[in-house]
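Here is the structure we will look at.
The values are calculated or read from the model by the stated rules, or taken from the named source; none is laboratory data. Keep in mind it's a predicted model, so treat the numbers as computed, not measured. Every residue, glycine among them, receives a Cβ derived from its backbone with ideal geometry; neighbour counts consider all protein chains shown. Accessible surface areas use protein heavy atoms only, side chains included; no ligands, DNA or RNA. Shrake-Rupley method; radii C 1.70, N 1.55, O 1.52, S 1.80 Å.
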Amino acid sequence: MATQTRIAIAGSGFAGLEAAFYLRRRLGDEARITVVSDSKQFLFRPNMIYIPFGKEPEGLTFDVSATLEDHGIEWVHQPVTGIDPDARTLITAGGADVEYDYAVLATGADMVPQEVPGLEEHAYTIWTPDSNLALRGALGRAVERARGGERQRVVFAVPPKNMCSGPLYEIVLMLDSWLRDQPAPVRDNITIDFATFEPAYIMVFGPRINAVVEQEFDARGITGHREHGLERVEEGEAVFGDGTRLSYDLLISFPPYEAAVRYESLPGDERGFIDTDMESRRVRGHDRIFAIGDAGDFPVKQAFLALLEADAAADAIACDILGEHPDKAFDPVSLCIMEQFDKATFANVPLQLSGRSVPPVEVREGAEDEYQVGSGRVWRVGKKMLGLAVPMHFRHGRPFHAGMSWKLMEPGLNGMKSLFAD
Ligand SMILES: Cc1cc2nc3c(=O)[nH]c(=O)nc-3n(C[C@H](O)[C@H](O)[C@H](O)COP(=O)(O)OP(=O)(O)OC[C@H]3O[C@@H](n4cnc5c(N)ncnc54)[C@H](O)[C@@H]3O)c2cc1C
């Protein structure tokens with residue numbers, strides 16, 4: 001036991017759990033793994049999009065502490081406040097600091113609605129179960145008014161520095177389908193606008209997704225506004241950088257992002273996202289510290305990419321310890337399924353950094369064949385399967401992407417891609 005390598009993991013979301021279970025499986029007793037997190041609950045954030053339409057949040061969480069302990073992973077329920085790379089210590093708010101030989105920082109992102117004056121006060125947002133429950137209430141009230149013959153204007157706004165706009169597009173398309181299922185004249189009495197700072201809809205997923213969204217907006221009577229950076233929100237009016245004003249009865253937004261924890265001792269950008277080596281997710285200048293998922297500097301914040309980053313970092317650590325050669329370099333191929341209720345849209349997008357701030361990534365040159373998009377009801381099944389499979393694997397202490405399940409699911413997914421995407 002005295003020779004065990006100590007690995008401390010901060011955060012128990014997608015990235016933290018994938019890394020913890022991968023390392024436990026690969027290293028067995030060679031490592032003493034400790035997860036430090038401010039929450040006992042794993043939250044399957046992607047399925048929060050269903051909360052405004054009636055799903056209860058309880059089904060999206062489970063208590064991770066018992067699973068970790070069952071798999072021989074130590075658990076510290078404390079907020080992490082920083083890291084001391086010289087003393088090799090993860091610092092916690094409660095003083096229960098954790099010494100490490102390797103540290104993995106997976107504390108995710110946070111929202112900064114205050115960056116857009118008036119946003120916090122006037123807009124409904126989608127980051128937490130509670131904010132989605134509040135949105136459910138607001139949508140219910142808008143529907144009641146529309147049913148009573150009152151015209152309602154719902155405006156969606158993606159402000160600059162939001163780093164995961166996809167869910168807001170899901171909610172606007174789901175809202176349209178949901179309103180169409182309500183008795184007349186509800187949908188007729190509700191106008192919907194979608195304004196984004198992005199030059200293309202869901203810009204990080206490339207031109208084909210922009211075209212899909214354009215087509216959906218046209219078919220559904222949703223008015224889209226690209227390159228509309230939300231500047232401030234007044235009561236009843238959203239004001240954009242170019243002076244455009246959109247009046248609203250209900251404003252729905254996904255605020256700007258920043259890192260949930262600022263690690264002052266590490267290199268990072270002005271939002272606290274940590275500088276890493278692309279392939280291994282090693283923090284620049286710190287061989288024994290890794291930053292994965294939303295906490296790191298990859299500019300697309302997505303659960304699927306968080307899993308890939310976790311596998312790359314965990315593999316690099318395991319190989320260091322075992323004296324092997326790493327073979328799971330982070331390869332940013334994003335996979336997403338956009339819910340729309342009447343169908344879903346799938347995208348497989350090989351990415352490369354663009355070197356620009358907007359958009360920060362682009363479809364990888366030379367990998368156009370792998371850039372696949374498809375829409376249809378069948379993709380709703382794919383979305384449901386992922387929503388069941390990821391939490392189920394974590395509940396059983398298994399990595400999802402680096403595990404057997406993905407190996408088994410991948411041929412099925414490839415089959416679906418060849419039949420239902422091109
Ligand atoms: C509504 C919505 C829908 C989404 N849909 C999708 C989707 O369809 N597909 C997709 O790929 N992505 C989606 N995302 C994005 C995805 O949820 C995130 O990218 C993903 O959760 C990032 O994983 P993570 O592990 O880095 O961070 P998180 O999952 O946020 O986990 C962070 C962990 O760190 C812990 N933590 C935070 N602060 C501290 C602290 N100070 N000390 C200790 N621990 C701390 C938290 O409790 C948590 O355990 C969606 C996001 C939202 C909000």
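Taking amide H atoms as placed 1.01 Å from N in the peptide plane, the amide H of W75 lies under 5 Å from those of V35, each 5 or more residues away in sequence or on another chain.
Computed 3J(HN,Hα) for segment 263-274, one whole-Hz value per residue from the Karplus formula 6.51 cos²θ - 1.76 cosθ + 1.60 where θ = phi - 60°, is 8, 4, 7, 10, x, x, 8, 5, 9, x, 6, 7, glycine and proline marked x.
Mean silhouette area of segment 312-416, derived from the convex hull of its C-alpha atoms and averaged over all directions, reads 9.0 nm².
By accessible area, using a 1.4 Å probe on protein heavy atoms only, segment 197-351 has 43% of its surface on carbon and sulfur. When the Gaussian network model of the chain links Cα atoms closer than 10 Å, the mean-square fluctuations of D84, D242, D38 top out at D242. Comparing C319, C336, C164 in a Gaussian network model of the chain, where Cα atoms under 10 Å apart are tied by springs, the biggest mean-square fluctuation is seen for C319.
Of the GluC sites (Glu not before Pro) found in segment 143-250, those that fall in a DSSP loop while having at most 12 other beta-carbon atoms within 10 Å are E150, E235. Taken one residue at a time, the phi angles of segment 204-215 give Karplus couplings (6.51, -1.76, 1.60, θ = phi - 60°) of 6, 9, x, x, 6, 6, 4, 5, 4, 5, 4, 4 Hz. Gly and Pro are set to x.
Note on segment 1-135: Rg/Rh from C-alpha atoms, Kirkwood Rh, equals 1.05. Rolling a 1.4 Å probe across the protein heavy atoms gives the chain an accessible surface of 41 Å² per residue.
Taking the DSSP beta bridges with both ends in segment 113-257, the antiparallel portion is around 30 percent. Given springs between every Cα pair under 10 Å in a Gaussian network model of the chain, which of A123, A313, A93 has the largest fluctuation? The residue with the greatest mean-square fluctuation here is A93. Accessible area per residue (1.4 Å probe, heavy atoms of protein chains only) ranks K161, K328, K407, K383 as K407, K161, K328, K383, with the largest value leading. Computed across segment 113-257, the Kirkwood radius stands at 15.2 Å (inverse of mean 1/r, all Cα pairs).
What the phi angles of segment 322-334 give under the Karplus curve with 6.51, -1.76 and 1.60, with θ = phi - 60°, is a coupling list of 8, x, 10, 9, x, 9, 10, 4, 5, 10, x, 10, 7 Hz, glycine and proline written as x. Between M163 and Y257, the built amide H atoms are under 5 Å apart, and every one of these is 5 or more places off in sequence or on another chain.
A P(r) calculated from all alpha carbon pairs of the chain, with 10 Å bins opening at zero, reads 5, 22, 31, 25, 13, 4, 1, 0 percent.
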